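These notes concern the structure reproduced below.
The values are calculated or read from the model by the stated rules, or taken from the named source; none is laboratory data. Keep in mind that this is a model prediction, so the values were computed, not measured. Positions of Cβ are backbone-derived with ideal geometry, glycine not excepted, and every protein chain shown enters the neighbour counts. The accessibility values were calculated without ligands, DNA or RNA, using every heavy atom of the protein model including side chains. Shrake-Rupley method; radii C 1.70, N 1.55, O 1.52, S 1.80 Å.
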Amino acid sequence: RLFDLDPDLLPLFQYNCKQFASPQECLSAPEFLDHVRKVMLVIDAAVSHLENLACLEEYLCNLGKKHQAVGVKVESFSTVGESLLYMLEKCLGTAFSPDVREAWSKLYGAVVKAMRRGWETLPEGD
């Protein structure tokens, strides 16, 4: 769904300096699948620390800095969030109620808000 929503994200996923010729090639690459696992680990950590997301603040801020360093734009996280909600809806079916959608949207929004601080934190003198 991610590359359907924004095909311009494909070039951001390069592993060992290899550019993928198509979304399908990227989606089947072991490195991409590893990246997806890492994203899901971050989501899992956020769910596990739902009552105290502040404990993940520094980690998420640094994660934001890493994404900025490789050329990811903050706006791209909206597309990722939309893809996450799409996947949850497809997997959960009728259990994906409006309340469940809102809860996931809020959680993802909190994660992105913390990651955005990585873009906002500039070195001294800039």
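Taken together, Q19, Q68, Q14 contain a single residue that is at pLDDT below 95 and more than 25 Å from R116 (Cβ to Cβ), which is Q19. The single residue among C26, C61 that is closer than 16 Å to G118 by Cβ, in contact with a helix residue (DSSP H, G or I) (Cβ under 7 Å, 6 or more places away or on another chain) and of a type outside the set (S, T, N, Q) turns out to be C61.
Within the stretch 80-94, residues that are under 24 Å from F13 (Cα atoms) and in contact (Cβ under 8 Å) with a residue 12 or more places away in the chain sit with their Cβ atoms under 8 Å from residues that are surrounded by fewer than 17 Cβ atoms within 10 Å (Cβ to Cβ) and polar (S, T, N, Q), at 6+ positions apart or across chains, in these pairs: G81/S105; L85/S105. Just so you know, in the stretch 73-126 the residues that are over 23 Å from H49 (Cβ atoms) and assigned to a loop (DSSP other than H, G, I, E, B) include one that is most open to solvent (accessible area, probe 1.4 Å), and it is E124.
Any idea which of (1) open to solvent by less than 80 Å² (accessible area, probe 1.4 Å); (2) within 11 Å of the chain's Cα centre (by Cα) is the one F32 doesn't satisfy? All conditions are met except number (2).
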